[in-house]
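The values are calculated or read from the model by the stated rules, or taken from the named source; none is laboratory data. Keep in mind the model is a prediction, meaning the values are calculated, not measured. Here the Cβ positions follow ideal geometry from the backbone for every residue, glycine too, while neighbour counts run over all protein chains shown.
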Amino acid sequence: MEPVFLNAGFREQRYFVLPEYMQNELGATELTKQMFVSDIGVFLQARHHHRERPEGADAHIFIYCVEGEGVVERTGQESITLKPGSLVVIPAGVPHRYWASETCPWSIYWFHLKGEHAREIIQLYELDREPRPLPRSVVSEFIQRVDQSLAMLTDRPYSLHTHVHISQTVRWLLSSIGHELLHASQDARRGAHLDHAIRYMNEHIATSIRLPELASYTGLSKQHLSHLFNKETGFSPIDYFLRMKMQHAAGMLDLTDLTVKEVAGSIGISDPYYFSRMFKKLMGHSPTEYRKIPKG
């Protein structure tokens, strides 16, 4: 069986299918047996593109959508619409089907991987959990590497050197994607912790909050919470809370006729002189002066 190169059916369709005997060779070769590409391609505006594998595939399928959209169904998971910028992974052996939208057909870059390391990388970075938006830092690299791999296979489809290079390229590409997704996930968790803490501060603006109390509420250690606030806001949690109090007090001075003492009490400060000192330090004016400044 000869390697298959096709260019028909869609606006542009290029792909390479590795003959079975070459798959057997690569599956037995030390440098490729743990991970190698068996199929790879590019489909642009792939109207009527449809694949259904009731028994699953014998390879792990990676599909990255660059434009348009399509639907992916995997047994045991909800049907998903794959949109531009997202990568979906279908592990080997998972029954599935997928198809391009009729009204806005997808353009996709895709490849199939075989080998135990492919499975382990998917599991390590949880790439099969849901469609993953690819970080911008790796999108152009992903597209470029698929294009380069296709070009190499077109020129030298029988070369072991070619397949070793592509195997290592895809290994590096997936580890880069996993690394970037991991950092993006960590950033999202940090943002969620910060939002959680600030929401708690807003809800308790009229009280005093101690660092251990805030750390306990967010589920972080005092050290971790302090590091997070300093990194994201430039202030310690308690300093940030004090600034929130003063901002809230500024609104009260603008929008109500409450006395300075009453405004101080509304944010949990019983000493109006301490309040006035802190307000001037942080807002640049005393409460009385601030109230006189025209706004809007």
Leading residue by the ranking (surrounded by the most Cβ atoms within 10 Å (Cβ to Cβ)) among those in the stretch 142-159 that are among the hydrophobic types (A, V, I, L, M, F, W, C) and out of contact with any Ser or Thr (no Cβ under 8 Å at 6 or more places or on another chain): Val146
For residues that are touching a residue at least 24 places away in the same chain (Cβ under 8 Å) and of a type in the set (Lys, Arg), scanning just the stretch 282-296, find the one that is farthest from Leu258 (Cα to Cα). Lys295
Residue, modelled with the highest pLDDT, within the stretch 124-138, restricted to residues that are more than 14 Å from Phe62 (Cβ to Cβ) and part of a helix (DSSP H, G or I): Leu124
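If you scan the stretch 92-108, which residues turn out to be in a loop (DSSP other than H, G, I, E, B) and in contact (Cβ under 8 Å) with a residue 40 or more places away in the chain?
Once the filter is applied, which keeps residues that are in a loop (DSSP other than H, G, I, E, B) and in contact (Cβ under 8 Å) with a residue 40 or more places away in the chain, the stretch 92-108 yields Pro95, Glu102, Trp106.
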Evaluate the stretch 81-91: report whether one residue or more is more than 28 Å from the chain's Cα centre (by Cα) and part of a loop (DSSP other than H, G, I, E, B). no
Filter pass, Ala59 being at pLDDT 95 or above and under 17 Å from Arg171 (Cβ atoms): yes
Of the conditions (1) more than 26 Å from Lys83 (Cβ to Cβ); (2) assigned to a strand (DSSP E or B); (3) not β-branched (Val, Ile, Thr), Met152 satisfies every one except a single condition; which number is it? (2)
Those residues of the stretch 9-53 that are of a type outside the set (Gly, Ala, Ser), surrounded by fewer than 16 Cβ atoms within 10 Å (Cβ to Cβ) and touching a Lys or Arg at 6+ places or on another chain (Cβ under 9 Å) come to a total of 5
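Collect the residues in the stretch 244-259 that are acidic (Asp, Glu) and either in contact (Cβ under 8 Å) with a residue 40 or more places away in the chain or assigned to a helix (DSSP H, G or I) (or both), keeping them in residue-number order. Walk me through it before giving the result.
Narrowing the stretch 244-259 to residues acidic (Asp, Glu): 254, 257.
Passing the criteria: only Asp254.
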Among the residues of the stretch 160-179, what is the count of those that are in contact (Cβ under 8 Å) with a residue 40 or more places away in the chain and surrounded by 17 or more Cβ atoms within 10 Å (Cβ to Cβ)? 8
Which residues, counting only those in the stretch 107-120, are surrounded by fewer than 24 Cβ atoms within 10 Å (Cβ to Cβ) and within 13 Å of Phe36 (Cα to Cα)? His112, Gly115, Glu116, His117, Arg119
Scanning the stretch 30-80 for residues that are more than 30 Å from His161 (Cβ to Cβ), in a strand (DSSP E or B) and either among the small types (Gly, Ala, Ser) or free of Cβ contacts under 8 Å to residues at least 24 places away in the same chain (or both) gives Gly70, Arg74
